[in-house]
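See below for the structure under consideration.
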Amino acid sequence: MWKKPVLVLVGVFITGVVVLVAVLLLRTYTLPENKVAWQDKGAPRIVLGEKEREELLKALKAAIRIPTVSFSETEQNTTALAEFDEFIHRAFPEIFKSILVTYESVGKYSHLFHVQGSNNSLQPYMLLAHLDVVPAPAEGWDVPPFSGEEKDGYIYGRGTIDDKNCVIGILQALEFHLKRKFQPLRSFYIGIGHDEEIGGRHGAMKIAEKLEAKGVKLAFLLDEGLAVLDGVIQGTSRPIALIGITEKGGIDLNLTVNSSPGHSSMPPRESSIGILSAALSRLEQNPMPSKFGKGPERSMFEQLAREFSFPLNVMMANLWLFAPVISRILEQTPSSNAIVRTTTALTIVNAGIKSNVIPPTARATVNFRIHPAQTADEVMNIVKNTIMDDRVNLSNESFDPLPISPYDEENFGYQTLKRTISDVFSVEPVVPGVCIGNTDSRHFGNLTASIYKFSPVVMKPGDLSRFHGLNERISKEGFESVVQFYYRLIQNSDSDKVPRHRHVSEEL
Ligand SMILES: CCCCCCCC/C=C\CCCCCCCC(=O)NCC(=O)O
Ligand SMILES: [Zn+2]
Ligand SMILES: [Zn+2]
């Protein structure tokens with residue numbers, strides 16, 4: 001009697017499994033191939049003379065030797081900032097004498113260039129970089145961080161990947177173009193900020209305000225950001241280029257605990273330091289929830305699915321089902337954990353002046369980087385519920401994640417970047433990603449919706465820790481590619497057409 005319903009149930013179950021497997025495989029194996037062929041021949045690669053190759057390395061080394069350090073919100077090395085100004089005037093004479101180029105300094109130490117194109121109906125674009133760097137105490141470095149020394153084919157120094165490589169790369173590329181009598185059709189701007197590492201208020205923000213006041217609208221804007229990753233994403237076998245199409249938001253949360261000062265021989269049951277430490281520990285021990293698959297990183301992994309072998313490829317192509325599993329894998333390492341969630345970093349703690357004095361105040365700062373699927377308000381609500389202690393006073397400065405820039409086949413900026421990356425780095429795939437650091441480009445939202453973050457460098461395993469870390473460096477060929485990239489980007493952008501490609505599987 002009961003056999004028939006059981007058989008029906010088994011039948012339904014087996015059919016369900018078969019349909020599920022079919023859907024998973026269909027989604028995996030119908031993804032377009034990552035290999036694309038461009039429909040036109042493209043711009044020629046710049047041929048550099050021996051002297052020019054030496055010149056560009058010399059320029060980068062000289063830039064590294066100027067310690068343009070941003071120490072804190074209020075403290076910068078202004079002598080070095082002024083020296084950098086003189087240096088670029090000396091190092092790039094063609095730029096400063098060209099009748100095509102208009103130059104102005106902004107906020108005293110930032111620089112804005114406008115290169116006049118001959119066709120005013122084409123919307124201008126903008127290249128952005130920053131000349132300030134984070135501090136670099138010499139301990140732990142193989143060579144002094146502001147020496148620009150060469151070692152084993154690499155130029156070492158603070159700023160070689162963040163972001164003097166881009167500053168010098170852009171200016172050197174323009175210098176080479178002007179030497180070759182290049183006259184663009186499409187106008188473009190170059191902005192070089194001097195305070196990106198402390199928020200960009202006096203540099204990039206002022207540049208953006210200036211352009212906005214003139215009514216400028218940009219076709220696209222490119223700033224530092226993601227990169228070509230070679231062996232960095234585990235499970236992939238070839239280099240992958242990531243173009244940042246958004247960036248995480250941020251919160252600087254200040255925590256303060258006050259208590260009565262006194263003699264350390266009669267300590268209170270709970271001290272300001274103890275209360276603060278407990279709050280900090282709760283924040284660190286309770287990471288923000290995973291938002292993996294709810295933001296644009298979903299597109300990144302779906303487009304990358306073909307790069308992985310079985311079973312990861314099936315899982316990546318079917319995040320609707322496997323996002324929680326992939327999230328668990330990614331959260332094992334700090335760089336991929338940053339893609340999964342809003343991160344919590346305890347960065348500053350301050351309290352106490354003497355071992356026998358109970359300090360009246362304990363302070364700390366926690367830096368959050370907000371996942372694109374969350375807002376600063378949502379994160380602050382979780383923070384308050386996690387700390388759950390009224391004795392901890394909270395104040396914060398925050399900004400939400402940036403809007404998502406378009407990355408469709410019709411978008412001029414994205415496709416021109418994609419094309420230029422393939423041209424210079426011969427890399428496939430090139431996919432959209434989320435920039436985990438913050439950049440000056442976030443101040444330009446009123447000028448364009450197409451804001452991209454890509455640094456033209458190849459990062460290998462171990463290189464990510466050089467960002468703001470020890471032994472920051474770039475290979476000599478690597479820096480030549482930076483110049484090649486901007487040179488080529490200026491050529492490729494000088495068109496009124498979106499670069500077209502077809503997937504190789506579509507070819508006859
Ligand atoms: C699945 C693994 C993906 C790993 C993705 C990591 C890619 C990292 C590539 C480059 C590093 C991003 C740095 C972005 C620029 C940061 C600029 C900066 O320092 N800004 C100041 C700040 O954020 O505080
Ligand atoms: Zn930077
Ligand atoms: Zn930086």
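Nothing in this text is a laboratory measurement; each read-out follows from the coordinates by a stated rule. The structure displayed is predicted, hence computed values, not measured ones. Counting neighbours? That spans all protein chains shown, and the Cβs are built from the backbone with ideal geometry, glycine included.
The DSSP beta bridges internal to the chain are antiparallel in roughly 70% of cases. Could you state, as a whole-number percent, how many of the C-alpha pairs of segment 166-210 are farther apart than 12 Å? When every Cα pair of segment 166-210 is considered, 68 percent fall beyond 12 Å. Once the convex hull of all Cα atoms in segment 444-508 is built, its volume per residue stands at 185 Å³. Put in line by how crowded their Cβ is, counting other Cβ atoms within 10 Å and starting with the fewest, Glu472, Glu307 read Glu307, Glu472. Translational diffusion of segment 247-399 was estimated from the Stokes-Einstein equation, with Rh taken as the Kirkwood radius over Cα pairs; at 37 °C and 0.692 mPa s the coefficient is 188 µm²/s. Shown in residue order for segment 144-149 are the 3J(HN,Hα) couplings computed by the Karplus curve 6.51 cos²θ - 1.76 cosθ + 1.60 at θ = phi - 60°: x, x, 10, 9, x, 6 Hz (x for Gly and Pro). Using a cutoff of 8 angstrom between alpha carbon atoms and counting only pairs six or more residues apart, the relative contact order for segment 251-353 works out to 26 percent. When the P(r) is computed for segment 166-314, the part past 19 Å accounts for 76% of the Cα-Cα pairs. Averaging over all projection directions, the Cα-based convex hull of segment 9-143 occupies 19.3 nm² in the image plane. With a threshold of 22 Å on the Cα-Cα distance, the over-threshold entries among Lys164/Lys453; Lys108/Lys476; Lys58/Lys179 are Lys108/Lys476. Going from the residue with the fewest nearby Cβ atoms within 10 Å to the one with the most, Ile326, Ile243, Ile99, Ile46 rank Ile99, Ile46, Ile326, Ile243. Each of Ala362, Pro268, Met315 was scored by the projection of its Cα onto the charge dipole of segment 247-399, and the greatest displacement toward the positive side belongs to Pro268; charges sit on the C-beta of Lys, Arg, Asp and Glu.
Placing +1 on each Lys and Arg Cβ and -1 on each Asp and Glu Cβ, with no other charges, gives the chain a dipole about its Cα centre of roughly 980 debye. The alpha carbon convex hull volume per residue for segment 334-452 rounds to 174 Å³.
The ranking of Thr256, Thr102 by Cβ neighbour count inside 10 Å, starting from the fewest, reads Thr102, Thr256. Among the DSSP helices (H) of the chain, those spanning at least 30 angstrom by Cα along their long axis with an average Kyte-Doolittle hydropathy of 1.6 or more are 3-29; this is a geometric and hydropathy rule only. Every Cα-Cα pair of the chain was included, and the share exceeding 38 Å stands at 34 percent.
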